[in-house]
Structure formats: structure tokens, C-alpha cells
Amino acid sequence: MSVSNNKVVHIHYKLTNDKGEVLDTSEGRAPLAYIQGKGNIIPGLEKALEGKEKGDDLTVTIPPEEAYGVHDERLIQVLPRSSFQGVEEIKPGMQFQATIEGHPQILTVTKVEGDEITVDANHPLAGESLTFDVTVTDIRDATEDELAHGHVHGPEGHSH
Ligand code: ZN
């Protein structure tokens, strides 16, 4: 069986950025389980895994366009301090969850000047080329429920 649409794929992975810093890894955890073709993982990684088999290792560098997007200046906004009610001290680097056009977004504070708070709604990894070292540890057919929901069920995924 090889990786193709509607298969549940288990992978161990290590994610590094351009500078060689490790941003995330499944080492010491259960492998990541996702459904191929459902957008569970970034498009570039899904594309690189297509056709791979259990036991295959690959290293792939994915440009921002196929990862978390290019950095979009329009997603940077200046908000008045009064938008942050209940937050005692606002500092650069703080992250807040907000709903923008119906989608949950993480806003990162990038600058604080008096009552003007600059926030950036780009994904923290926007604009970055990402390198994944991946091992495919298992492949199986997705169940009908999993396909209907668009995500993996069971111990390796959502339990409901
Ligand atoms: Zn579900």
C-alpha cells in the first residue's frame, strides 16, 4: 500500500527551519497520523509523501508558498490598547487568539508604543522555508467516518 488520497498515514518527522533550528519533532511521541488529500498537513508535505510506502524515509524542503504562506503585510494591524481588556501588561511576543472572518487566528504582538499595539496575524512560520525529515511508519485505509469528518479517529487522532 502506498500513500494516496484517503489513506491514513502515520509519520515520524523532524521540522527544521533555514537556520537548521529544530522547530518541532515527533521524537518521543506517537507518530503523527493524518489523512492524505484532506489538507490535514501543509500542501508541500502532502505532495512529497504521495506515492511513498511504509518504511520510506525522505527529506524535503518546502517553500513558504507550499507551507504556511508568504508573509502578508496586510495581516499586520495596529489596535488600540482598549482592545485588550483584561490583559494587565502587553508585551511583544505575546499571542492572542482572535476570530477573523469566522476563522480562529493567532495574533502575535510585535510592537507596543503607548496605546498603540501592533499585532501580526500571519502564521508564525509564514515566510519560512521548512525542511522535514520524515519516515512513513504506517499506512491504512481511512474509515467512512474518518473521511466524512476529514480527520483521523481513534487513539492516534480525535476521540469522539
Ligand atoms: Zn471526527
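The values are calculated or read from the model by the stated rules, or taken from the named source; none is laboratory data. From a predicted model like this one, the values you see are computed outputs, not experimental measurements. Every residue, glycine as well, gets a Cβ built from its backbone with ideal geometry; the counts of neighbours run over all protein chains shown. Please note that ligands, DNA and RNA were not included when accessible areas were found on the heavy atoms of the full protein model with its side chains. Shrake-Rupley method; radii C 1.70, N 1.55, O 1.52, S 1.80 Å.
Some notes on this structure:
- Among residues of the range 21-32, those that are open to solvent by 50 Å² or more (accessible area, probe 1.4 Å) and in a loop (DSSP other than H, G, I, E, B), counted: 5
- Counted residues, the range 134-160 - those being open to solvent by 70 Å² or more (accessible area, probe 1.4 Å), of a type in the set (Gly, Ala, Ser) and in a loop (DSSP other than H, G, I, E, B): 1
- Residue check for PRO124: open to solvent by 50 Å² or more (accessible area, probe 1.4 Å) and either within 16 Å of the ligand (Cβ to nearest atom) or not in a loop (DSSP other than H, G, I, E, B) (or both): no
- Any hit, the range 90-106, residues being open to solvent by 50 Å² or more (accessible area, probe 1.4 Å), farther than 30 Å from ASN5 by Cβ, in contact (Cβ under 8 Å) with a residue 24 or more places away in the chain and basic (Lys, Arg): no
- SER4 surrounded by 11 or more Cβ atoms within 10 Å (Cβ to Cβ) and part of a loop (DSSP other than H, G, I, E, B): yes
- Single match in THR131, THR118 (criterion: surrounded by 11 or more Cβ atoms within 10 Å (Cβ to Cβ), within 17 Å of the chain's Cα centre (by Cα), at pLDDT 95 or above and away from the ligand (no atom under 16 Å from the Cβ)): THR131
- Matching residues in the range 100-109 - criterion: being at pLDDT below 95 and of a type outside the set (Gly, Ala, Ser): ILE100, GLU101, HIS103, PRO104, GLN105, ILE106, LEU107, THR108
- Every condition in (1) over 19 Å from the mean Cα position of the chain (by Cα); (2) within 16 Å of the ligand (Cβ to nearest atom); (3) without any contact (Cβ under 8 Å) to a residue 40 or more places away in the chain holds for ALA142 except the one numbered (3).
- ILE42 being touching a Lys or Arg at 6+ places or on another chain (Cβ under 9 Å), open to solvent by less than 60 Å² (accessible area, probe 1.4 Å) and in contact (Cβ under 8 Å) with a residue 24 or more places away in the chain: no
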